[in-house]
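A short write-up of the structure that comes next.
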2 protein chains.
Amino acid sequence: MSSDVDDHELISSEKVFDGRIIKVFIDDVRLPDGRIVKWEKVKHPGAVGIVPVLEDGSIVMVRQYRNATDEVILEIPAGKLSPGEPPEECARRELREETGFSAGEMIKLAEFYNSPGYSDEYFHVYIARDLTYEGTDLEPDEFLEEEKVGLSEAIGKIPTGEIRDAKTIIGLTLARLYLERAIPDFKKSD
Amino acid sequence: MSSDVDDHELISSEKVFDGRIIKVFIDDVRLPDGRIVKWEKVKHPGAVGIVPVLEDGSIVMVRQYRNATDEVILEIPAGKLSPGEPPEECARRELREETGFSAGEMIKLAEFYNSPGYSDEYFHVYIARDLTYEGTDLEPDEFLEEEKVGLSEAIGKIPTGEIRDAKTIIGLTLARLYLERAIPDFKKSD
């Protein structure tokens, strides 16, 4: 077990793909033992997800085609951050666009890297309550199917693989711990 | 709300970056309304993570530098699948390499896409118990610092942002629900 973990140095970074959403780089990194290795990484604008809890306790989820996995996946509403957009504002915008709801209460459950081994994508997940329906406003390339699922029923779909999306698993399990007041210290805002 | 969600068609896929770990493609996708859009995606070999629970109930975690985020992150032990490697075998290998432990009991908590909006990375997370220490065996470019943390203490680090890695949040919250027998249907193996 090395204690040199802080001793890595990012020496340089070469852009090898400049896409509309993602950028790809090859980094030169100096290891604690002095050797230099080449490691790939993806830069991503970051994103938000929302667990919208209706008055009856059910969650508003969406089914959506994902070309990266070439299948339709059951997820919580989510979307990418626009440049400079505060995460909570993005969460309110995406909730409104995808489900039609505005939220009286919006509380951050967690922030996390989706896959820090190769990507800097940083995700913010919220629980939204006190919901008012105002009408959806989907982007032109978004085709979603809405599905209302009880929270316990949704959590039961995790071990069976019916729900298999990281942000959704995190949102559902933390919403449960939050609603049971099992974790202190949830932050009210960013 | 459209009901055409199944009606997407992946028409073609052009490889634009062929890296050591990831490949990047630009897909042509036919939308339900007939329009064709270009969407980026990353192909990744997939990976596993393990929540190793010691006899006293604490979890063996690792601190590790990640060049994608240019910082040291507290995570559960994890690693990429080798070609053709069964996920549970990979989990046992990574657990042994990174922490030195072999597990008498290994149960899958969940499988998930880390970020299906742009990547096909598929993750398998296990809880490992009945641990026996046999010595670490790190790869030459791996420098880790081990840290033992109580499960409740670790979960308390999620809302504060001290733990902010998707697989780790999922592993810890599901380990808690599993140990409390709050979710039925966990599978014993792949």
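Among the residues of region B:32-45, those identified as more than 7 Å from every other protein chain (Cβ to nearest Cβ) and among the basic types (Lys, Arg) are B:Arg35, B:Lys38, B:Lys43. Considering every residue within region B:175-186, establish whether at least one is at pLDDT 95 or above and under 19 Å from the mean Cα position of the chain (by Cα). For region B:175-186, residues at pLDDT 95 or above and under 19 Å from the mean Cα position of the chain (by Cα): present. Count of region A:147-174 residues, restricted to those that are among the small types (Gly, Ala, Ser), more than 8 Å from chain B (Cβ to nearest Cβ) and within 18 Å of B:Arg181 (Cα to Cα), is 2.
Within region B:91-112, the set of residues being in contact with a Ser or Thr (Cβ under 8 Å, 6 or more places away or on another chain), surrounded by fewer than 22 Cβ atoms within 10 Å (Cβ to Cβ) and either not in a strand (DSSP E or B) or not assigned by TED's automatic domain parsing to the domain that holds B:Thr173 (or both) comprises B:Arg92, B:Arg96, B:Glu97, B:Gly100.
Flag: B:Ser115 matches the condition of being modelled with pLDDT of 95 or more and not in a strand (DSSP E or B). In region B:123-130, the count of residues that are at pLDDT 95 or above and at the interface with chain A (Cβ under 8 Å from one of its Cβ atoms) is one or more. For region A:62-83, indicate whether the set of residues that are touching a strand residue (DSSP E or B) at 6+ places or on another chain (Cβ under 8 Å), more than 8 Å from chain B (Cβ to nearest Cβ), farther than 26 Å from B:Glu121 by Cβ and among the aliphatic types (A, V, I, L, M) is non-empty. No. Listed by first and then second residue, the pairs linking a residue in region B:8-37 that is in contact (Cβ under 8 Å) with a residue 24 or more places away in the chain to a residue that is among the small types (Gly, Ala, Ser), with Cβ atoms under 7 Å apart and 6 or more places separating them unless they lie on different chains, are B:Pro32/B:Ser2. Across region A:131-150, the number of residues qualifying as of a type in the set (Ser, Thr, Tyr) and modelled with pLDDT under 95 comes to 1. For B:Pro159, the conditions (1) surrounded by fewer than 16 Cβ atoms within 10 Å (Cβ to Cβ); (2) modelled with pLDDT under 95; (3) not small (Gly, Ala, Ser) all hold with the exception of (1). Of all residues in region B:133-160, those being part of a loop (DSSP other than H, G, I, E, B) and not small (Gly, Ala, Ser) number 13.
Looking at region B:3-31 only, could you name the residues that are at the interface with another protein chain (Cβ under 7 Å from one of its Cβ atoms), more than 30 Å from B:Ala68 (Cα to Cα) and not in a helix (DSSP H, G or I)? Result: B:Ser3, B:Asp4, B:His8, B:Leu31.
The values are calculated or read from the model by the stated rules, or taken from the named source; none is laboratory data. Since the model is a prediction, treat every value here as computed from it, not as a measurement. Using ideal geometry, Cβ is built from the backbone for each residue, glycine included, and neighbour counts are taken over all protein chains shown.
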